[in-house]
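Enquirer: Have a look at the structure that comes next, please.
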Amino acid sequence: MSKQETKTLAKLLADCLVTRGVRYIFGIPGAKIDGLFDALIDTPIRIILCRHEQNAVFMAAMVGRMTGKAGVVLVTSGPGVSNLVTGLLTATTEGDPVVALGGNVPRSMKLKESHQSTDNVRITEGATKWSVEASLAENVPEILENAFRKAESPRAGAVFVSIPQDLLLEKAVGETPIHPTRPVFGGAREETISNIASTISRAEKPILLLGMEASRPENTIAIRHLLEKHPLPVVSTYQAAGVISKALLPCFVGRVGLFKNQPGDQLLDEADCIMTVGFSPVEYDPEIWNARSPKMLIHIDYRQANLHNTYIPHLEGLGEISLTLNELAKRLPARKTLLNRKRIQKLQKSLEEIRELTETGQGSSSSSGGSQLVRPLWFIHELKKMMDETMIISCDVGTHYMWLARYLLSHEPHQLLFSNGQQTLGVALPWAMASRLIKPNARILSVSGDGGFLFSAMELETAVREKIPFVHCVWNDGSYDMVRQQQRIKYGRETAVALHPIDYVAFAKSFGAVGYRIGHPKELLPTFEEAFQQKRPVIIDVPIDYSDNRWLFEKAH
């Protein structure tokens, strides 16, 4: 663009988003931001009109998680911005890159009482990595490029940019989009890597604890390479699901998180050296998993550890995780057998015994006298028959989340999707929609409880309108069960957890979606098969039997 050429800031902003490679924008328009919505009409960017701003952030966050490039949200002022906060907080905690753009009143009205006037920056700064309001048109390309860089740089998260209404109408004389460059990080220092290799080699019971950043594609490759050369026992948090390949299963002792009662927790207790890879304490409090005895802690991450009394690393390998691990693999001696193999096999057997209960009927209807309810392990057993390496499963928060996180194996990163830091209700359905946009040929399944479902169920209309097919299962027991279970453990009684029944089949049909209800556990697999043939969104009502929840909560910390 020559210096004589002029555009409104709205059109310049739209050009900046195109230059950034943005394919989708999620949001809801309004008067304070409609100039940018209008400018986007002349771009190839597809606007997904949502029914609630919070869900728009959930969708953008999943674009960020699946692609590594920030998803984009666009909303109007006042409640349009304030409705973002839960989504922004979730994205920042979970490490999902998001750039949120919000309108505001004209600059002349900023310090006055006016319709939808808010301090956008103060509202959002506690939920984001960075929050800023633009004041000059000439600075906006810089602000926007910095927003994307901050959102995407490790540890990724949400960034918010506030744009006053009048600024969108200003002429941007001679300003052009900034073409993005990818920052390059080096690995940890050679001396540090050598010390880490020596420490692991001297340890009698070293293990790996994989965290959220382990699931970045380049990091997954590096972890697998390391374990192929030097097999170590491994446990992972929920967000690191899928990092361990089928070939490396002999190393794997399951996922840990929330409650300390898993075989992997026993392994953590027994270890004398724990190397965390891309781990954040928000995934699983060190106060729970590392409370027993002093251990040698090694922290491999992009940034230094946030210290806890129970998480003070002796060594920190800081920098590009994949480069650090590749160098570490060169320094560790090659091994043909897994360290402490017999103990690892014993712990793996205890985990597998629970999964195998479905084979004997204990996880299906036959153990409860022909019950018409589906038990969690039976659901997992039948779902596994449908899974392939391309299927994406997004999971809401609740008791179902614990069942799936512990007992549904996956061997591809970002195949099982969890909210592990904030444990935010309502994420599963919007995540499924975004996953379908990014992976248009994959089968997409989302799962929620009947408590979390209505937090985002209004987006079913969005999915029907935008022709985004996926299958969503509602585990229906008439309560906020995860809360109920903990109330019973703590107080011996329950309060404020019972829900009124809903006809989910009629609910789905009222939106133009397809609805099914499971009348018997044996109907689950054929219903899955039929549901995935549909060209529209599908809701499956799964009446659930939670009588096996003792496996989740017994001996809980």
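The values are calculated or read from the model by the stated rules, or taken from the named source; none is laboratory data. As the structure is a prediction and not an experimental result, all values here were calculated from the model. So basically every Cβ, Gly included, is an ideal-geometry build from the backbone, and we count neighbours across all protein chains shown. We work out accessible area using only protein heavy atoms, side chains counted, and drop any ligands, DNA or RNA first. Shrake-Rupley method; radii C 1.70, N 1.55, O 1.52, S 1.80 Å.
Enquirer: Which of the residues that make up the stretch 149-198 are charged (D, E, K, R) and open to solvent by 50 Å² or more (accessible area, probe 1.4 Å)?
Expert: R149, K150, E170, K171, E175, R182, R189, E190, E191, listed by residue number.
Enquirer: Residues of the stretch 35-52 being surrounded by fewer than 18 Cβ atoms within 10 Å (Cβ to Cβ) and over 16 Å from R20 (Cβ atoms), which ones?
Expert: D38, I41, D42, L49, R51
Enquirer: Among what's in the stretch 96-120 and is modelled with pLDDT under 95 and either part of a helix (DSSP H, G or I) or among the acidic types (D, E) (or both), pick the residue that is most open to solvent (accessible area, probe 1.4 Å).
Expert: The residue in question is E113.
Enquirer: Which residue is modelled with the lowest pLDDT, if the candidates are limited to the stretch 356-401 and must be among the aliphatic types (A, V, I, L, M) and in a helix (DSSP H, G or I)?
Expert: L357
Enquirer: Using the structure shown, decide if Y504 is open to solvent by 20 Å² or more (accessible area, probe 1.4 Å) and among the hydroxyl-bearing types (S, T, Y).
Expert: no
Enquirer: Has the stretch 510-523 got any residue that is in contact (Cβ under 8 Å) with a residue 24 or more places away in the chain, part of a loop (DSSP other than H, G, I, E, B) and in contact with an Asp or Glu (Cβ under 6 Å, 6 or more places away or on another chain)?
Expert: Yes.
Enquirer: Out of all the residues in the stretch 263-285, is one or more free of Cβ contacts under 8 Å to residues at least 12 places away in the same chain, among the charged types (D, E, K, R) and part of a helix (DSSP H, G or I)?
Expert: There is no residue in the stretch 263-285 that is free of Cβ contacts under 8 Å to residues at least 12 places away in the same chain, among the charged types (D, E, K, R) and part of a helix (DSSP H, G or I).
Enquirer: Somewhere in the stretch 507-525, is a residue open to solvent by 40 Å² or more (accessible area, probe 1.4 Å) and under 26 Å from the mean Cα position of the chain (by Cα)?
Expert: No, every residue in the stretch 507-525 fails to be open to solvent by 40 Å² or more (accessible area, probe 1.4 Å) and under 26 Å from the mean Cα position of the chain (by Cα).
Enquirer: Can you tell me which residue in the stretch 308-333 is surrounded by the most Cβ atoms within 10 Å (Cβ to Cβ), limited to those that are in contact with an Asp or Glu (Cβ under 8 Å, 6 or more places away or on another chain) and among the aliphatic types (A, V, I, L, M)?
Expert: I321
Enquirer: List every residue pair whose Cβ atoms lie under 6 Å apart, where the two residues are 6 or more positions apart in sequence or sit on different chains, the first residue falls within the stretch 10-26 and is within 16 Å of Q165 (Cβ to Cβ) and open to solvent by 10 Å² or more (accessible area, probe 1.4 Å), and the second residue, located anywhere, is among the small types (G, A, S) and not in a loop (DSSP other than H, G, I, E, B).
Expert: K11/A39
Enquirer: Please work out if S419 is touching a strand residue (DSSP E or B) at 6+ places or on another chain (Cβ under 6 Å), polar (S, T, N, Q), under 23 Å from T93 (Cα atoms) and surrounded by 20 or more Cβ atoms within 10 Å (Cβ to Cβ).
Expert: So S419 fails the test.
Enquirer: Quickly run through the stretch 272-301 and pick out the residues that are open to solvent by 10 Å² or more (accessible area, probe 1.4 Å) and not polar (S, T, N, Q).
Expert: Across the stretch 272-301, the qualifying residues are D272, P281, V282, D285, E287, I288, A291, R292, P294, K295, M296.
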